[in-house]
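Below is one structure, written out as structure tokens; the observations come after it.
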Amino acid sequence: MMSSDLESGTVLRTVADAEGYVARICFKTGPPTLTGVELEWTLHDAAEPTRPVTPDRLRAALGPHAPTTLAPDAPAAPLPGSGTVSVEPGGQVEISTAPRRSLRDLHDHTSADIRHLTGLLAAAGLVLGRTGIDPYRPPTPVVDTPRYRAMRCAFDRLGAAGRTMMYSTAGLQVCLDAGTADQVVDRWVVAHAVGPPLLATFATARRHQRRETGWASARMAAWLCIDPARTRPVWSPAAAPGDPAAAWARYALAAPLLCVRRDGDDWTAPSGVSFRDWLVGALPRPPTTADLDYHLSTLFPPVRPRGYLELRYLDTQPDGEWIAPVALLTALLEDDRTRDAARALAESTADRWTEAARRGLRDPALARVADEVLDLGLRALDRTGLPVPVRTEIEAIVARRLAAGREERG
């Protein structure tokens, strides 16, 4: 990174300036019209899934779609449906879609992008994983950047979960508009409250390194363990809803620095220094708005505001099944009556993130709430604009997941 990049942005002089900046950029209000997804997969050799996939092989497979972190001179061309490809530190491949005004368009364009990507990978003897954590290999770095090295250093101070998260996990992120000024609080709260039952229902990450982990979602278990100051939920039922923007600003400034951008390759952050500490002089230079933007990108709560709401609590889904949780979340947050009903149904288990990750639908309280919340979401699907065959398939996916949960509970 050049010095000019580090000097970009406005210098932040006070905590109040930083809090105001976060509140302005992270909750952009307006009618909720757009939906997007980020689909991430572990990547495997088709013939021998335990075999490591090298950067050179992945770069060649992606061709013009390879990101600059993998191929600095590549054009990083979008996929045919306008999605962009990125590669995570463990070689996980991700499609970030363009936001769409209808779920029908999102489904059509994203499905086309997935087909194109899987075709490129198949030609190179590679396949996408089907679960939220690598079932075959131990955590191994594939992409190395100053950011990823600094992250690894910070997480290593806290144990092994950080490397598991960085190199072995894969998730499905749902991106929804924050809503109008009078909707933001409700959409924020409901996005959190329905998280544990939906995590439990759509958990796919049981096996890692060729053995059972004892968790329904070992992916979420890794996230919950790495650093609660940057991964715990921002909202919980124990707290009044209040002002989500103010709550997020407090959360962000209290979180420790994960990395500090500098000239050169060493972005290691001093241990235990928060962004608030930086604002009051803990580092040699004052932070800028660009530094704060970067810090916000290193915070990973289950629901993260980025101007829109990024719901980060779902595991990667098997082939073609990603649309089910995306459509259900969109439907549950769509209108006032459905949001009110969803909150009433889900609030009793809204703090059961660990139980959802560990036991999934074997947890009786989560299973009961999941039955009710998913029934509510399914009844609202006809307002999503999805065609009847897609809605019918979503109903079948949900029925299979709930039936599997009942079978596990005996």
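Things worth noting here:
- Three principal axis lengths of the range 1-144 [C-alpha, angstrom, descending]: 56, 41, 30
- In sequence order, calculated HN-Hα J values of the range 171-183 (Karplus, 6.51, -1.76, 1.60; Hz; x Gly/Pro): x, 10, 10, 10, 10, 10, 4, 5, x, 6, 4, 8, 9
- Tail fraction, Cα-Cα pairs, the range 248-292, threshold 12 Å, whole percent: 61 percent
- Gained length - residue 347 relative to residue 144, 0.36 nm times residue gap less alpha-carbon distance: 69.0 nm
- Taking only the Cα atoms of the range 139-208, the ratio Rg/Rh comes out at 1.10, with Rh defined as the Kirkwood radius.
- The helix-based estimate of mean residue ellipticity at 222 nm for the chain, built from -39,500 (n - 2.57) per DSSP H run of four or more residues and divided by its residue count, is -13500 deg cm²/dmol to the nearest 500.
- Reciprocal mean inverse distance between Cα atoms of the range 120-242 - Kirkwood radius, Å: 16.7 Å
- Mean Cβ neighbour count within 10 Å, used as a protection proxy, ranking 339-351, 34-46 highest first: 34-46, 339-351
- Projected-area average for the range 238-357 over all orientations - Cα convex hull basis, square nanometres: 10.8 nm²
- Packing order of peptides 95-101, 258-264, highest average first: 95-101, 258-264 (average count of other Cβ atoms within 10 Å over each peptide's residues).
- Using θ = phi - 60° and Karplus 6.51 cos²θ - 1.76 cosθ + 1.60, couplings along the range 209-224 (whole Hz; Gly, Pro as x): 6, 6, 8, 5, 8, x, 10, 5, 10, 5, 4, 5, 4, 4, 4, 5
- The value given for the chain is a Kirkwood hydrodynamic radius of 21.8 Å, derived from the mean inverse Cα-Cα separation.
- Efficiency of FRET between residue 34 and residue 362 - r from beta-carbon atoms, R0 45 angstrom, step 0.05: 0.80
- Packing, as the average of other Cβ atoms within 10 Å across residues, places the peptides 186-195, 63-72 in the order 186-195, 63-72, highest first.
All of the numbers you see were taken from the coordinates with simple rules; none came from a lab. Given the structure is predicted, the values throughout are model-derived calculations rather than measurements. Virtual Cβ from ideal backbone geometry, glycine too; neighbours counted across all protein chains shown.
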